[in-house]
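Enquirer: Handing you a structure now.
The values are calculated or read from the model by the stated rules, or taken from the named source; none is laboratory data. Predicted model, so just to flag it, every value in this text is computed and none were measured. So basically every Cβ, Gly included, is an ideal-geometry build from the backbone, and we count neighbours across all protein chains shown.
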Amino acid sequence: MSIADRVITIIANQAMLELGDITLESTLEGLGVDSLGLVESIFAIEEAFDISVPFNANVPSAGDFDISTVGAIVAGVQRLVAQQS
Amino acid sequence: MKRVVITGAGTINALGQDVPSTLEAMREGRCGIGDLEFRDVERLSIRIGGQVKGYDPEAAFTRQELALYDKFTQFAVIAARQAIAQSGLEFSEELSLRAGVVLGNSGGGMTTLDENYRSVYEDGKNRVHPFVVPKLMNNAAASHVSMAWGLRGPSFTVSTACASSNHAMAQAFQMVHGGLCPVMVTGGSESMLCFGGVKAWEGLRVMSKDACRPFSANRNGMVQGEGAGIFVFEEYEHARARGAEVWAEVIGYAMSSDASDIVMPSKQGAARCISGALRDARLNPEDVGYINAHGTGTAANDKTECAAVADVFGRHADRLMMSSTKSMHGHLIGGTGAVELLACIMAVRDGVIAPTINFQEPDPECALDVVPNEAREADVDVALSNAFAFGGLNAVLALRRAE
């Protein structure tokens, strides 16, 4: 499975949606993922890819990890995975 | 109903190891937060906290006591010694049968848990010390205080996360107010500053890596502290009959539940609790000069708390002062309301308002007088102390200057 598909699966689980309901343009808010769900999704992503995502729930927009859309999250994860290898 | 006064106070926290040094630090706006020092700290991403430093347990306790006292119990007993000594109370047979201990605590003996998990899981040992359970249980601190002074009335521990101490002190107030007990020892203690304790908090991603900056637009999370605050709550006539010095009068409280979210605070829940405390203490909004804020330095708490205060106080919200001393001593979780009550006592007794330090940028969503960075002299009759816990459990206390 590609990184994008794995991230989408994690978010779909969190949002309790079908994979087909989620596109790269979706926002977490639009999918009904609240702040606690976001923290849980980031944790699941870190566990799945064995990476450390710089994310502070107080200032979600700060840092260089963009969470504005599913596509942005996928890009961020791809970058972190590439940096790691 | 009986009037309730505070006749003794004690503390140990990152700002000082007694009340005078803690109040002096608050007056000077000193920061007690610094680098954490304990085993495996290098495996944490959060490495700062309001840790009690320069403290020697062996100077305070015997070896037998230390075998039974986790740090949260040590802190409670040290603060209780100061509070009871300062109150001048002698516990006669009759009084000790009617005096009890109600303390707030959230984590129990976290260091004890951490060390023993490490020993069985990491070191693979199959045997633990026989006192692990009596050392880590949440009621250990209240029990040891009751034993040390032979207090045989109602004693228990209240555990409502960050509101534990306020809920505990509200219970103690109720017991004295209702005539059940002439004296109650109350407050709270906490010590989660160990590897497992901080690691668990890291998971929530609400902790700051650099500083606690309540109400400041650039705030980025909470910082943990540790320690205890203990008070003697005494029935007014009982205190007067023995000529006790009165630090302040406790005039009311309220508790409320948000019943909405396990971590996100609710403006309505907080506002109902603050207005409930005003009603219970028979206060008008304009009677209140100072509020010790819950003020955790998280994005969510600070704006919600300011909105709740604005709702309850209306135009008076712009005239009262509200500061968060967590900026200096950190968030003591189950012990926090007890240490913060000291700032309320300082306001009504000494006319000094503790500041919110580390304040750098005003936040339009926190547009109240948060007493930024420097303490202020002010004539305050009545102060409130706010506590709004995870789980949506709120408790607010009201204090008045002693007559």
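Enquirer: Being β-branched (Val, Ile, Thr) and not in a strand (DSSP E or B) is the filter here, so list the residues in region B:274-305 that pass it.
Expert: B:ILE274, B:THR296, B:THR298, B:THR304
Enquirer: Could I ask something else about it? Give the residues of region B:249-273 that are charged (D, E, K, R), touching a strand residue (DSSP E or B) at 6+ places or on another chain (Cβ under 6 Å) and not in a strand (DSSP E or B), sorted by residue number.
Expert: Result: B:ARG272, single match.
Enquirer: I would also like to ask the following. Which residue, of A:ALA62, A:ALA48, A:ALA72, is under 9 Å from the mean Cα position of the chain (by Cα) and surrounded by fewer than 19 Cβ atoms within 10 Å (Cβ to Cβ)?
Expert: A:ALA72
Enquirer: While we're here: Taking B:PHE173, is it of a type in the set (Phe, Trp, Tyr) and farther than 28 Å from A:VAL59 by Cβ?
Expert: Yes.
Enquirer: Give me a count of the residues in region B:1-37 that are touching a Leu at 6+ places or on another chain (Cβ under 7 Å) and farther than 30 Å from B:MET184 by Cα.
Expert: Going through region B:1-37 one residue at a time, the tally reaches 2.
Enquirer: For region A:21-32, indicate whether the set of residues that are among the polar types (S, T, N, Q), farther than 26 Å from B:VAL263 by Cβ and surrounded by fewer than 15 Cβ atoms within 10 Å (Cβ to Cβ) is non-empty.
Expert: yes
Enquirer: Is it the case, given these coordinates, that B:VAL101 is in a helix (DSSP H, G or I), in contact with a helix residue (DSSP H, G or I) (Cβ under 6 Å, 6 or more places away or on another chain) and not charged (D, E, K, R)?
Expert: no
Enquirer: Here's another thing I want to ask about it. Residue by residue through region B:44-96, note down the ones that are among the acidic types (Asp, Glu) and in a helix (DSSP H, G or I).
Expert: Selection gives B:GLU58, B:GLU65, B:GLU93, B:GLU94.
Residues are listed down the side, and each one gets a yes or a no for (1) touching a Leu at 6+ places or on another chain (Cβ under 9 Å); (2) not in a loop (DSSP other than H, G, I, E, B):
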{"residue": "B:CYS162", "(1), (2)": "yes, yes"}
{"residue": "B:ALA168", "(1), (2)": "yes, yes"}
{"residue": "B:GLN171", "(1), (2)": "no, yes"}
{"residue": "B:CYS181", "(1), (2)": "no, no"}
{"residue": "B:GLY188", "(1), (2)": "yes, yes"}
{"residue": "B:LEU193", "(1), (2)": "yes, no"}
{"residue": "B:LYS199", "(1), (2)": "yes, yes"}
{"residue": "B:GLU202", "(1), (2)": "yes, yes"}
{"residue": "B:ASN220", "(1), (2)": "no, no"}
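Enquirer: Okay, moving on. Checking A:ALA75 against (1) in contact with a Ser or Thr (Cβ under 7 Å, 6 or more places away or on another chain); (2) away from chain B (no Cβ under 12 Å), which single condition isn't satisfied?
Expert: Every condition holds for A:ALA75 apart from (1).
Enquirer: Look at B:ALA343 and say whether it is within 17 Å of B:LEU103 (Cα to Cα) and among the small types (Gly, Ala, Ser).
Expert: For B:ALA343, the condition - within 17 Å of B:LEU103 (Cα to Cα) and among the small types (Gly, Ala, Ser) - is not met.
Enquirer: Of everything in region B:368-390, what is of a type outside the set (Asp, Glu) and surrounded by fewer than 16 Cβ atoms within 10 Å (Cβ to Cβ)? Give them in sequence order.
Expert: Passing the criteria: B:ASN373, B:ALA378.
Enquirer: If B:GLY153 satisfies all but one of (1) under 23 Å from B:ALA248 (Cβ atoms); (2) without any contact (Cβ under 8 Å) to a residue 60 or more places away in the chain; (3) within 16 Å of the chain's Cα centre (by Cα); (4) surrounded by fewer than 24 Cβ atoms within 10 Å (Cβ to Cβ), what's the number of the condition it fails?
Expert: That leaves (3) as the condition not met.
Enquirer: If I ask for residues that are more than 8 Å from every other protein chain (Cβ to nearest Cβ), in contact with a Leu (Cβ under 8 Å, 6 or more places away or on another chain), assigned to a helix (DSSP H, G or I) and among the aliphatic types (A, V, I, L, M), which ones from region A:30-69 would you list?
Expert: A:LEU38
Enquirer: Do you know which residues across region B:197-213 are more than 14 Å from B:GLY297 (Cα to Cα), at the interface with chain A (Cβ under 8 Å from one of its Cβ atoms) and of a type in the set (A, V, I, L, M)?
Expert: If the condition is that a residue be more than 14 Å from B:GLY297 (Cα to Cα), at the interface with chain A (Cβ under 8 Å from one of its Cβ atoms) and of a type in the set (A, V, I, L, M), then B:LEU204 is the only one that fits.
Enquirer: Only one residue in B:GLY107, B:GLY32, B:GLY124, B:GLY50 is over 19 Å from B:ALA168 (Cβ atoms), at pLDDT 95 or above and out of contact with any Lys or Arg (no Cβ under 9 Å at 6 or more places or on another chain), so which one is that?
Expert: B:GLY124
Enquirer: May I pose another question? Among the candidates B:VAL128, B:VAL77, B:VAL101, which residue alone is touching a His at 6+ places or on another chain (Cβ under 8 Å) and on the phi < 0 side of the Ramachandran plot?
Expert: Just one listed residue meets the conditions, B:VAL77.
Enquirer: State all residues of region B:214-259 that are within 14 Å of another protein chain (Cβ to nearest Cβ) and touching a helix residue (DSSP H, G or I) at 6+ places or on another chain (Cβ under 7 Å); if no residue qualifies, say none.
Expert: B:PRO214, B:PHE215, B:ARG219
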